[in-house]
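The values are calculated or read from the model by the stated rules, or taken from the named source; none is laboratory data. This structure is a prediction, so every number in the text was calculated from the model and none was measured. Every residue, glycine as well, gets a Cβ built from its backbone with ideal geometry; the counts of neighbours run over all protein chains shown. In case anyone asks, the SASA skips ligands and DNA or RNA and just uses the protein heavy atoms, side chains included. Shrake-Rupley method; radii C 1.70, N 1.55, O 1.52, S 1.80 Å.
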Amino acid sequence: MGSFDKEINRRRTFAIISHPDAGKTTLTEKFLLYGGAINLAGSVKGKATARHAVSDWMEIEKERGISVTSSVLQFNYDGYCINILDTPGHQDFSEDTYRTLMAADSAIMVIDASKGVEAQTRKLFKVCAMRGIPIFTFVNKLDRDANDTFDLLDEVEKELGIATCPINWPIGSGKGFKGVYDRENRAIVTYSDTQKGTKEGETKVISIDDTDALIAEIGQDAYDKLTEEIELLDGASAEFNLSEVHAGKLTPVFFGSALTNFGVEIFLQNYLKMATVPLARNTKDGAIDPTDDDFSAFVFKIQANMNKAHRDRIAFMRICSGKFDADKEVKHVQGNKTMRLSQPQQIMADERKILSEAYAGDIIGVFDPGIFSIGDTVCAPKKNIMYEGIPTFAPEHFARVRQIDTMKRKQFIKGISQIAQEGAIQIFQELNTGMEEIIVGVVGVLQFDVLKYRLENEYNVEIRLEPLPYEFIRWIENTDIDVKKLQGTSDMKKVTDLKGRPLLLFVNSWSIQMTIERNNGLVLTEFAKN
């Protein structure tokens with residue numbers, strides 16, 4: 001065990017997931033408010049105050065009010081050191097979210113109380129389930145009219161296949177929202193509308209057994225409904241079981257309003273008590289414990305041009321074991337090179353803080369001269385650790401990219417290659433044409449807009465995108481096959497990816513099976529093996 005166990009054990013690293021507009025960014029801001037990391041929560045999406053959410057820095061995000069890329073925010077609260085990984089809420093960026101979840105130890109799922117489980121929540125939840133990570137649920141927007149609470153819980157259980165255990169329970173919603181019932185302490189915490197952007201307003205705590213004071217506070221009708229619901233609840237809901245929570249089979253549920261800041265601190269305090277310390281991670285040779293003396297980390301995200309003033313690329317790494325020391329050399333396993341990580345920093349929105357040390361559970365950003373890829377491992381020089389790879393999602397939309405000004409070929413190649421290395425888009429070349437014919441594949445069509453916008457704004461290159469009809473992509477597993485001689489179908493195109501691996505694009509799904517049948521021994525896969 002390392003001498004830094006105490007530092008590692010006080011860390012909690014989680015990702016926040018939600019459907020767009022469920023209030024994820026507002027919740028993140030309120031957490032930062034409690035940690036003293038910001039003094040005033042900005043109004044998101046350029047409302048009256050036109051202040052942008054702390055975690056949204058890319059211009060296109062500010063214009064559209066959506067989180068496109070995942071930011072990493074760190075703050076201290078009550079002796080804990082908390083790393084929040086904010087994820088894009090938009091479904092077109094689910095691949096980025098998947099990678100971010102690879103770096104988290106648990107997830108907080110934000111649900112809009114009037115909308116319940118929405119499409120994007122389902123998709124993101126599946127990713128959490130694939131990893132088996134603990135999920136904590138915050139049902140938001142109780143200051144507006146909400147769906148029936150039992151129906152909401154029922155929907156979570158049915159749609160997501162996870163048991164629910166309410167830790168507190170809402171009393172009314174919208175104009176009739178009175179507060180929450182704390183099940184463990186058998187007390188009511190009353191709600192009062194607060195100044196937006198400030199900490200909690202005045203709250204009262206009244207015991208459930210103090211009938212007269214309760215009725216005086218919330219009224220007879222709300223009291224009668226609450227006592228009836230508590231009785232139903234105690235009979236119907238799952239018992240709280242921490243090991244089930246840690247196994248990702250039971251989600252503790254909390255209710256509140258991030259906008260008016262009610263129930264947020266209660267949620268944060270309970271989350272910190274229930275969440276795990278940084279977890280062991282799997283390598284090709286078995287799991288590595290966070291308290292192992294030797295430093296190791298993996299790259300889960302690469303982001304270019306975070307700072308307009310500096311043309312830069314930042315590789316985000318999750319530290320998996322030991323302590324990072326900026327003065328010591330590390331080994332980049334995939335590049336088989338010993339090096340010092342340059343300008344190690346933690347990022348709070350677009351402000352950066354240069355680090356001299358960090359611990360397992362932390363996320364650091366380092367300057368990337370173009371050598372890192374997503375999934376790469378860095379570790380102590382004498383070690384040879386390789387963390388399990390992050391799968392590449394198969395794109396679902398394709399377009400041919402045409403440059404408007406052919407004189408800017410150099411900037412175009414540089415820009416599109418850098419954006420591809422970040423993992424938001426994938427680039428393919430038609431067989432034997434080199435970089436002459438470039439096809440871009442994306443998981444969601446909004447990424448085409450981002451590509452166009454970024455090439456124009458960051459590389460001063462204008463492009464035209466011509467949509468292509470392909471919907472299916474398959475990597476060829478056989479290394480001994482001559483791709484030129486492959487017998488395909490008329491709707492098939494042969495391309496190669498950036499690593500020179502051959503791929504096939506198809507318009508129709510049935511063509512895939514037909515191609516396999518026409519080529520003896522051909523093996524096609526949906527995922528690229530990293």
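Which pairs do you get when a residue that is over 17 Å from Trp169 (Cα atoms) and touching a residue at least 40 places away in the same chain (Cβ under 8 Å), found in the range 247-260, comes within reach of a residue that is buried (at least 22 other Cβ atoms within 10 Å of the Cβ) and of a type in the set (Val, Ile, Thr), reach meaning Cβ atoms under 8 angstrom, with the pair 6+ apart or on two chains?
Every condition considered, the pairs that remain are Gly248/Ile135; Leu259/Thr26.
Name every residue in the range 430-456 that is outside any strand (DSSP E or B) and touching an Asp or Glu at 6+ places or on another chain (Cβ under 7 Å), in order of residue number.
Within the range 430-456, Glu437, Val443, Gly444, Val445, Leu446, Gln447, Glu456 qualify.
Which one of Thr121, Thr100 is at pLDDT 70 or above, open to solvent by less than 10 Å² (accessible area, probe 1.4 Å), closer than 23 Å to Pro166 by Cβ and among the hydroxyl-bearing types (Ser, Thr, Tyr)? Working first, answer last.
Values: Thr100 fails: closer than 23 Å to Pro166 by Cβ.
Matching residue, one of Thr121, Thr100: Thr121.
Leu272 fails exactly one of the following numbered conditions: (1) modelled with pLDDT of 90 or more; (2) closer than 30 Å to Gly172 by Cβ; (3) outside any helix (DSSP H, G or I); (4) among the hydrophobic types (A, V, I, L, M, F, W, C). What is the number of that condition?
(3)
Considering each of Ala287, Ala236, Ala297, Ala247 in turn, give the residue that is open to solvent by less than 10 Å² (accessible area, probe 1.4 Å) and among the aliphatic types (A, V, I, L, M).
Working: Ala287 fails: open to solvent by less than 10 Å² (accessible area, probe 1.4 Å); Ala236 fails: open to solvent by less than 10 Å² (accessible area, probe 1.4 Å); Ala247 fails: open to solvent by less than 10 Å² (accessible area, probe 1.4 Å).
Matching residue, one of Ala287, Ala236, Ala297, Ala247: Ala297.
Suppose we keep only residues that are loosely packed, with under 15 Cβ neighbours inside 10 Å, free of Cβ contacts under 8 Å to residues at least 40 places away in the same chain and of a type in the set (A, V, I, L, M) within the range 396-448. Which one would you say is nearest to Asp482 (Cα to Cα)?
Per the stated criteria, the residue is Met435.
Residue check, Glu477 against (1) among the acidic types (Asp, Glu); (2) at pLDDT 90 or above; (3) open to solvent by 30 Å² or more (accessible area, probe 1.4 Å), all met but one. Which one?
(2)
Looking at the range 217-229, which of its residues are assigned to a helix (DSSP H, G or I) and of a type in the set (Gly, Ala, Ser)?
The one that is assigned to a helix (DSSP H, G or I) and of a type in the set (Gly, Ala, Ser): Ala222.
Any idea how many residues of the range 117-150 are hydrophobic (A, V, I, L, M, F, W, C) and under 15 Å from the mean Cα position of the chain (by Cα)?
So in the range 117-150, the residues hydrophobic (A, V, I, L, M, F, W, C) come out as 117, 119, 124-125, 127-130, 133, 135-136, 138-139, 142, 146, 150.
Now narrow it down to the ones that are under 15 Å from the mean Cα position of the chain (by Cα): 124-125, 127-130, 133, 135-136.
Number of matching residues: 9.
Which of the numbered conditions does Pro88 fail, given that it passes all the others? Conditions: (1) at pLDDT 80 or above; (2) open to solvent by less than 10 Å² (accessible area, probe 1.4 Å).
(1)
Give the range 230-245 a look and list any residue that's in a helix (DSSP H, G or I) and at pLDDT 80 or above, or say none.
Ile230, Glu231, Leu232, Leu233, Asp234, Leu242, Ser243, Glu244, Val245 - these are the residues of the range 230-245 that are in a helix (DSSP H, G or I) and at pLDDT 80 or above.
In the range 480-523, which residue that is of a type in the set (D, E, K, R) and closer than 22 Å to Gln447 by Cβ is most open to solvent (accessible area, probe 1.4 Å)?
Lys499
Quick check on the range 171-182. Is at least one of its residues open to solvent by 10 Å² or more (accessible area, probe 1.4 Å), of a type in the set (Gly, Ala, Ser), modelled with pLDDT of 85 or more and closer than 29 Å to Ile8 by Cα?
Checking the range 171-182: not a single residue is open to solvent by 10 Å² or more (accessible area, probe 1.4 Å), of a type in the set (Gly, Ala, Ser), modelled with pLDDT of 85 or more and closer than 29 Å to Ile8 by Cα.
Given the criterion assigned to a helix (DSSP H, G or I), touching a Leu at 6+ places or on another chain (Cβ under 9 Å), at pLDDT 85 or above and not basic (Lys, Arg), identify the matching residue among Ile512, Ile427. Before the answer, list the steps.
Working: Ile427 fails: assigned to a helix (DSSP H, G or I).
None of the others qualify; the one that does is Ile512.
Within the range 317-327, take every residue that is open to solvent by 10 Å² or more (accessible area, probe 1.4 Å) and not in a strand (DSSP E or B) and give me the one that is nearest to Phe367 (Cα to Cα).
Per the stated criteria, the residue is Ala326.
Yes or no, residue by residue, for (1) out of contact with any strand residue (DSSP E or B) (no Cβ under 7 Å at 6 or more places or on another chain); (2) part of a strand (DSSP E or B); (3) surrounded by fewer than 19 Cβ atoms within 10 Å (Cβ to Cβ); (4) hydrophobic (A, V, I, L, M, F, W, C):
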position: Val110; (1), (2), (3), (4): no, yes, no, yes
position: Asn147; (1), (2), (3), (4): no, no, yes, no
position: Leu152; (1), (2), (3), (4): no, no, no, yes
position: Glu157; (1), (2), (3), (4): no, no, yes, no
position: Glu184; (1), (2), (3), (4): yes, no, yes, no
position: Val189; (1), (2), (3), (4): no, yes, no, yes
position: Ser192; (1), (2), (3), (4): yes, no, yes, no
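Return the pair list, or none, for Cβ contacts closer than 6 Å from residues in the range 470-491 that are more than 14 Å from Gln426 (Cα to Cα) to residues that are in a strand (DSSP E or B) and open to solvent by 20 Å² or more (accessible area, probe 1.4 Å), at least 6 apart or on different chains.
Ile476/Pro502; Glu477/Thr525; Val483/Lys494; Val483/Pro502
In the range 328-337, what residues are under 14 Å from Ser296 (Cβ atoms), open to solvent by 70 Å² or more (accessible area, probe 1.4 Å) and not basic (Lys, Arg)? I'd like the intermediate steps shown before the answer.
First, the residues of the range 328-337 that are under 14 Å from Ser296 (Cβ atoms): 328-334.
Right, trim to open to solvent by 70 Å² or more (accessible area, probe 1.4 Å) and you get 328-329, 334.
Within the range 328-337, Glu329, Gln334 meet the criteria.
Regarding the range 253-269, can at least one residue be identified that is open to solvent by less than 10 Å² (accessible area, probe 1.4 Å), among the β-branched types (Val, Ile, Thr), at pLDDT 95 or above and outside any loop (DSSP other than H, G, I, E, B)?
The answer is yes, given that some residue of the range 253-269 is open to solvent by less than 10 Å² (accessible area, probe 1.4 Å), among the β-branched types (Val, Ile, Thr), at pLDDT 95 or above and outside any loop (DSSP other than H, G, I, E, B).
Can you pull out the residues in the range 371-395 that are in a loop (DSSP other than H, G, I, E, B), hydrophobic (A, V, I, L, M, F, W, C) and buried (at least 18 other Cβ atoms within 10 Å of the Cβ)?
Phe372, Ile374, Ala380, Ile385, Ile390, Phe393, Ala394
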